[in-house]
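The values are calculated or read from the model by the stated rules, or taken from the named source; none is laboratory data. Since the model is a prediction, treat every value here as computed from it, not as a measurement. Here the Cβ positions follow ideal geometry from the backbone for every residue, glycine too, while neighbour counts run over all protein chains shown. Ligands, DNA and RNA are excluded from the accessible area calculation, which covers all protein heavy atoms including side chains. Shrake-Rupley method; radii C 1.70, N 1.55, O 1.52, S 1.80 Å.
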Amino acid sequence: MGGRIGRKVWIALACLLPVLGTAACNKTAQTIETAMVADPDEWPSWGRNGYETHYSPVDEITTGNVADLKLAWHYDLEPGFSASTPLMAEGKVFITTGHSHIRAFDAASGKPLWEYDGGTRERAKSALQMSWGSKGIAYDAGKVFLVTTDGWVVALDAKTGKEAWKVYDYPDQAPRNSNGAPRVFGGKVIVGYGGADISAARGFVTAYDAATGKRAWRFYTTPGDEVTPVNRRAEEIMRKTWPSGWKNPDGSQRGGGGSAWNAFSYDPELHLVYLGVGNGFPYNQDLRSPGGGDNLFLSSIVAVDVNTGAYKWHYQLCPGEQWDCTATADMTLATLKIDGKDRKVLMQAPKNGFLYVLDRATGEFMSAEKIAKVTWASHIDKKTGRPVENPGIRYNGKPGLFEMWPGPTGAHSWMPQAYSPQTGLVYIPVQELPALIGEGQKGGGELSAGMGVTLIPEVELPGGHKSYLKAWNPATQSEAWKVELPGTWPGGVMATAGGLVFQGQIDGRFVARDARTGKELWSFKAQSPIVGAPISYRVNGKQYVTVITGAGGQGAGMQTLGNQAYRTDYRFPRHVLTFAIGGTDTLPPFTPPVLTPPADPDYKPDPKRTQAGFMLFASRACLVCHGWNAVGGGAAPDLRYSPTITDAATFRTIIKDGGLKLNGMPPFPQFTDTELEDLRFYLRTRAQQAPDEQRAYMERLKAAKASNAKPQDFAGKWNIVIQSPVGPQKAVMDLKVQGNVVTGKITAEQGSVDVAGAVANGRAKFKGKASMPMPITIEYDVTVKDGALTGESTNGPFGTFPVSGTR
């Protein structure tokens, strides 16, 4: 980033000295590099600087006085995407929300200074270009930089918000979108894009001159026809790892992907930019690369020269990637003392569940250990740096589904981790979220057309649907401490020189913890979930902390079922919140409205129409924004409570004609009239089920779940009703009990399931195998009270639903 000489540089250099009396500097556990603390007063980039540490060297707010942290100013935002990280430079806070809407504020007072609309909603030609919004922006030398979700790279004058230059990044009409934060490294604006989940288009990263907008270089992440002189060496390396090529006999693209949309880091001394590269398409390697091979540079960290884009080295996380294994989580640079020697390293905790430490000059593998439950690999071989895969992970040609931990959302997704040189710890927002994956079924089964897999991302399995903040020692590859968080979608993290770690939560609290112990020291009720990472900066000698509230940023309809206990409503108040010691601002009172499905007196159950609508909701990308089983997660409205589903004309205007396009809802003109009505009927069904479903879910969470039922109370035949997403499903439950052992059979119209389990603490828990059409496990957790049976049924990956029954 462009540095400034003066008082701030002297403060930064002072913290490099080994013997100083300040409280912040004398607690350092690892070496603090100059670049890591340059411009300590400002936060001009996604991770504050190219080291991507999300660490602020400012130390006015400490473990000793954080209890006095108060709201200094706030700004009310409109509904829309706000899971983003702000910036601070020139005494201004810059934010992006919605689809590339930029605002500037006075950093100390919160006074609005200017705003700029990127224009995406007017221009966007596809739903992909309107999915979610930008997660961040960049600043350098008097300019603010953004990439619109439909591919325009824009430089704005930081003082006025006026366009300085504007260029288009996409070379063709392949489906792409850009919602990761751009970076400015060495005078170059580094830009990536996403889209490898739905297209075999060739991945690339582009660098533009920050002053003029002229393209400096483009680095391709998968092989292709265009080979520039600077890319020749990289192309030679990649082609060897695609032994059967990447094209079909007719010349069309068979395999590709490798989009790098989020993770970029920079070492100014080595002049290296590090690119975090994503998954391949199709997921199924037999379709993408029938001859096998490692398929570089998929799922890789690649180092290139900042000035030319020339390849320097790479490290691949998942050779022959076919599980949405990406290297797109942020990469942190630091100097660690390992085996008594200072090593300049790159650290990444990607989706696959390991934390990796690499030599950032050479790409040499140093270490990797599991930070979450992992079933796809047993370990990473220390000599080769390659994963030792577990049996079954290569699903090609095999029946059934493979239980995969972590699932495609990952043990760590895009939400930023932080690193503190004071403690030497990396602070990682970790998820325990499994999935089921297997080879695609003939005639369908894919979550996205052409993936070549059956992928069920929101799976209810024991130990799943949990999230943590984990403090990890990368030098020893060991856990220092962890804190379980509410829900399954943890917020981004920031560490500070005051010995603190800040993080937002899905329950709407903004929390500060002791960086060494994890003890909670302060919290603020923010009225809305927080996913974006906070920042900290100093103005006129005073330290501030700023965060943007609002849920969002989930992928593929995941992260909704695990958050049902928390209100993540799309229209909850969203704010820019800024805190300081002695702040005097307050938020206006807010009482969440009661969620009530719309009145629908003409509704009559129709399981066949509901089933048809369910398939459309899942296969036409509705669940991507509106949630698994139509359970909203805050990224978009929860349609179970929307009045639009009860009026056919309004529903058609929105879905098919694009009536709310300027609000961020893209049109879907491909729906036929019959499909549109089936989809609407499914949502009407889900609205009818919502109250009972939510009530049962909340009851399940209560500690007083056990009952006084005796084992023999469960014996006999029961007529049961399961409130499934496609309507009430009737069945007969015939149970036998001997001691506390339960056996029996569940018989329904679709077939029967043999079950077995036990009674404990007044509840009967039993399960059995079924085929729907893939093999799944059906589990029951029920009790008996006043002669009636109540509880829930977990239908494999499809969710958990209320059960009621009478003898």
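Any idea which of (1) in contact with an Asp or Glu (Cβ under 9 Å, 6 or more places away or on another chain); (2) free of Cβ contacts under 8 Å to residues at least 60 places away in the same chain; (3) among the polar types (S, T, N, Q) is the one Gln348 doesn't satisfy?
All conditions pass for Gln348, except number (2).
Here is a list: Gln503, Gln527. Which entry is buried (at least 24 other Cβ atoms within 10 Å of the Cβ) and either in a strand (DSSP E or B) or not basic (Lys, Arg) (or both)?
Just a single option satisfies the conditions, and that option is Gln503.
Is it the case that Gln543 is assigned by the TED database to the domain that holds Thr96, touching a Gly at 6+ places or on another chain (Cβ under 6 Å) and open to solvent by less than 10 Å² (accessible area, probe 1.4 Å)?
no
Taking the stated definitions as given, is Tyr266 assigned by the TED database to the domain that holds Gly438 and open to solvent by 10 Å² or more (accessible area, probe 1.4 Å)?
Here the answer is yes, as Tyr266 does meet what is asked.
Check Arg620, Arg640 and return the single one that is modelled with pLDDT under 90 and under 20 Å from Glu458 (Cα atoms).
Arg620
Output yes when any residue across the range 566-584 is exposed (fewer than 14 other Cβ atoms within 10 Å of the Cβ), within 30 Å of Asp68 (Cβ to Cβ) and of a type in the set (Ser, Thr, Tyr), and no when none is.
yes
Can you tell me which residue among Ser56, Ser82, Ser100, Ser109 is open to solvent by 20 Å² or more (accessible area, probe 1.4 Å), touching a strand residue (DSSP E or B) at 6+ places or on another chain (Cβ under 8 Å) and of a type in the set (S, T, N, Q)?
One residue alone meets the criteria, Ser109.
Taking the range 449-502, which residues are modelled with pLDDT under 85 and among the β-branched types (Val, Ile, Thr)?
Hits for the range 449-502 are Thr454, Ile456, Val459.
Among the listed residues Asn352, Asn307, which satisfies the condition of being closer than 17 Å to Trp405 by Cα, in the same structural domain as His271 (by the TED database) and out of contact with any strand residue (DSSP E or B) (no Cβ under 6 Å at 6 or more places or on another chain)?
When all the criteria are applied, what remains is Asn352.
Are there any pairs with C-beta distances below 8 angstrom linking a residue in the range 449-465 that is closer than 18 Å to Cys325 by Cβ to a residue that is buried (at least 20 other Cβ atoms within 10 Å of the Cβ) and of a type in the set (Phe, Trp, Tyr), with the two at least 6 apart or on different chains, and if so which?
As it stands, the answer is Met451/Phe281; Met451/Tyr283; Gly452/Tyr283; Val453/Tyr283; Val453/Tyr395; Leu455/Tyr283; Ile456/Phe798; Pro457/Trp628, since those pairs meet every condition given.
In the list Gly363, Gly353, which residue meets the criterion of being crowded, with 18+ Cβ neighbours inside 10 Å and closer than 20 Å to Leu436 by Cα?
Every option except Gly353 fails the conditions.
A quick yes/no check of all residues on (1) of a type outside the set (D, E, K, R); (2) without any contact (Cβ under 8 Å) to a residue 40 or more places away in the chain:
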position	(1), (2)
Pro86	yes, no
Thr96	yes, no
Gly119	yes, yes
Glu122	no, no
Ala127	yes, no
Gly133	yes, no
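Working only within the range 495-531, note down all residues that are β-branched (Val, Ile, Thr) and in contact with a Pro (Cβ under 6 Å, 6 or more places away or on another chain).
Once the filter is applied, which keeps residues that are β-branched (Val, Ile, Thr) and in contact with a Pro (Cβ under 6 Å, 6 or more places away or on another chain), the range 495-531 yields only Ile506.
Can you name the residue in the range 151-189 that is farther than 21 Å from Gly98 by Cα and of a type in the set (A, V, I, L, M) and, of all such residues, is most open to solvent (accessible area, probe 1.4 Å)?
Step by step, filter the range 151-189, then rank; the result is Ala164.
Considering only the range 653-665, state which residues are surrounded by 17 or more Cβ atoms within 10 Å (Cβ to Cβ) and modelled with pLDDT of 85 or more.
Correct list: Ile654, Ile655, Lys656, Met665.
Go through the residues of the range 593-607 one by one and say whether even a single one is at pLDDT 85 or above and assigned to a helix (DSSP H, G or I).
yes
Please indicate, with yes or no, whether at least one residue in the range 236-258 is within 24 Å of Lys351 (Cα to Cα), among the aromatic types (Phe, Trp, Tyr), outside any loop (DSSP other than H, G, I, E, B) and open to solvent by less than 20 Å² (accessible area, probe 1.4 Å).
Within the range 236-258 (the criterion being within 24 Å of Lys351 (Cα to Cα), among the aromatic types (Phe, Trp, Tyr), outside any loop (DSSP other than H, G, I, E, B) and open to solvent by less than 20 Å² (accessible area, probe 1.4 Å)), the answer is no, since none of the residues qualifies.
If a residue has to be part of a loop (DSSP other than H, G, I, E, B) and farther than 21 Å from Glu236 by Cβ to count, how many in the range 277-306 make the cut?
Counting residues in the range 277-306 that are part of a loop (DSSP other than H, G, I, E, B) and farther than 21 Å from Glu236 by Cβ gives 7.
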